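Here the structure is laid out as structure tokens; the discussion comes afterwards.
The values are calculated or read from the model by the stated rules, or taken from the named source; none is laboratory data. Since this is a predicted model, take the numbers as computed values, not measurements. Methodologically, a virtual Cβ is constructed for each residue, glycine included, from the backbone with ideal geometry; neighbour enumeration extends over all protein chains shown.
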Amino acid sequence: MAVPTTPVPLLFGANAPVGFELRWDAYATAPDRLQLTPADRSDMFSTTKYVWGMRDHQLLALDIYRQFNGPSPEVDRTIGPVSEGVARDAFWDFRVNDAYYQRSAFVLGAGRPELIRSRWVERILDHQQPDGHWDFCWHGWCRGVLEFSLNETDYGHSTVQAAWALYMLKYRYSDWIDQHYR
């Protein structure tokens, strides 16, 4: 996924037993090498079907699709409302878990830095751990509205998302930093 010009092998079929978001991501990288069902493709480009965490993954797939295949009216028509929905989710969701980093990273990846609030970035910066990683969940709050977990050790997922968001702010959207911090 890092080099869009790399040839892509024939990918799993439309009914492969993987989550639809993984099928979306694979389709986004090489739509000529993977067939989505008409329902999966329609869902990927829906502006209203998904909420909360599922909308995050939809936004990522749309951004990947645009990066690998170029802009199109269909992507442009979908990515704006989905980005706005993800930002609304970030505004209202009080849980502080990996979705907190993910939402900022995916909204920035989609090219909508104006939707990012400085409070979100400050929390990301404040919760980097001394060894450089970011925890999957903060204060023991994890998946589920009131679910607690103290044994989460999968730092890679959260760390990549937090680092990606901060990287984009520093190198792609440095004007956002100037507007919010200088």
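Tabulated results
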| read-out | value |
| --- | --- |
| The stretch 51-96, subset of a type in the set (S, T, N, Q) and either touching a Lys or Arg at 6+ places or on another chain (Cβ under 8 Å) or surrounded by 21 or more Cβ atoms within 10 Å (Cβ to Cβ) (or both), residue nearest to Ser158 (Cα to Cα) | Gln58 |
| Helices (runs of 4 or more DSSP H) (entirely within the stretch 34-120) containing at least 2 residues that are touching a residue at least 12 places away in the same chain (Cβ under 8 Å), basic (Lys, Arg) and not assigned by TED's automatic domain parsing to the domain that holds His133 | 52-69 |
| Pick from the stretch 25-64, criterion aromatic (Phe, Trp, Tyr) and more than 13 Å from the chain's Cα centre (by Cα), ranking: farthest from Arg112 (Cα to Cα) | Tyr27 |
| The lone exception for Leu115 - which of (1) more than 17 Å from the chain's Cα centre (by Cα); (2) modelled with pLDDT of 90 or more it fails | (1) |
